[in-house]
1. Can you give the helix-only mean residue ellipticity at 222 nm for the chain, where every DSSP H stretch with n ≥ 4 adds -39500 (n - 2.57) and the sum goes over all residues, rounded to the nearest 500 deg cm²/dmol?
2. How far, in nm, would the chain grow between residue 172 and residue 39 when pulled straight, counting 0.36 nm per residue and subtracting the alpha carbon separation?
3. If packing is taken as the average count of other Cβ atoms within 10 Å, what order do 12-23, 54-65 fall into, highest mean first?
4. Between residue 143 and residue 81, what length comes free when the chain is fully extended (0.36 nm per residue of separation minus the Cα-Cα distance, one decimal in nm)?
5. Could you pull the Cα extents of the chain along its three principal axes, largest to smallest, in whole Å?
6. Report the extension gain between residue 160 and residue 122 in nm, rounded to one decimal, defined as 0.36 nm multiplied by the number of residues separating them, less their alpha carbon distance.
7. For the chain, calculate the relative contact order in percent as a whole number, restricting contacts to Cα pairs under 8 Å that are 6 or more residues apart.
8. At what distance in angstrom do the alpha carbon centres of segment 54-122 and segment 14-28 lie from each other?
Ligand SMILES: CC(C)(COP(=O)(O)OP(=O)(O)OC[C@H]1O[C@@H](n2cnc3c(N)ncnc32)[C@H](O)[C@@H]1OP(=O)(O)O)[C@@H](O)C(=O)NCCC(=O)NCCS
């Protein structure tokens, strides 16, 4: 079996990235948000959204995990847009694997690629927003050295309120 490679995404990756995005939400968030939200997700629309973002150049390119020709996960990071964050605060906005590839170490490699990018762009801390009910995700971030910083928010997705909590760590103190 070919080994996994982590690399920067290009625009031609966006259809596969949209598909991984939807597949990951549908396995990981089933039961954590309404089925109607998950079943209405559309890989093509996600791909268009990512393509637009990346073309505008206002956010960095995601990192993707590929095994041979197949994309199996991705991560994305940039400067936090939280109102209480300064320019030194980075945020990992996305970290997703296909169900099949969870527990293989690829989540950590995608995380580290995002952190290296943030370190390289003068960020000194990292934050993430995670669904309050996402126990697996929260455990992963805790293993990576992040702690809840007390911030909470409610996002409304297709009319459904979703509670999120924020985790944070100095970049010097995160697992590498
Ligand atoms: C968050 C997510 C990417 C983390 O992935 P993960 O599989 O838990 O993390 P890793 O790929 O680093 O795998 C770690 C596990 O694999 C095991 N493992 C197996 N082979 C390994 C290897 N070669 N190297 C490292 N770890 C390995 C580790 O022991 C560890 O097991 P443990 O959890 O029992 O300690 C993944 O769970 C996911 O996509 N979740 C859905 C989306 C989500 O919730 N995202 C975060 C919120 S936005």
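Just so it is clear, none of the values below were taken in a lab; they were calculated from the coordinates. Just so we're clear, the structure is a prediction, and the values are computed from it rather than from any experiment. Ideal geometry is used to build each Cβ from the backbone, glycine not excepted, and the neighbour counts take in all protein chains shown.
1. Computed ellipticity for the chain at 222 nm equals -10000 deg cm²/dmol.
2. Fully extending the segment from residue 172 to residue 39 adds 43.9 nm.
3. Per-residue mean Cβ counts within 10 Å order the peptides as 12-23, 54-65.
4. 19.9 nm
5. Computed over the chain, the largest-to-smallest principal extents equal 37, 35, 34 Å.
6. Values: separation 38, 0.36 × 38 = 13.68 nm, distance 3.62 nm.
That pair, residue 160 and residue 122, stretches by 10.1 nm at full extension.
7. Worked out over the chain, it gives 20 percent.
8. Cα centroid of segment 54-122 versus Cα centroid of segment 14-28: 14 Å apart.
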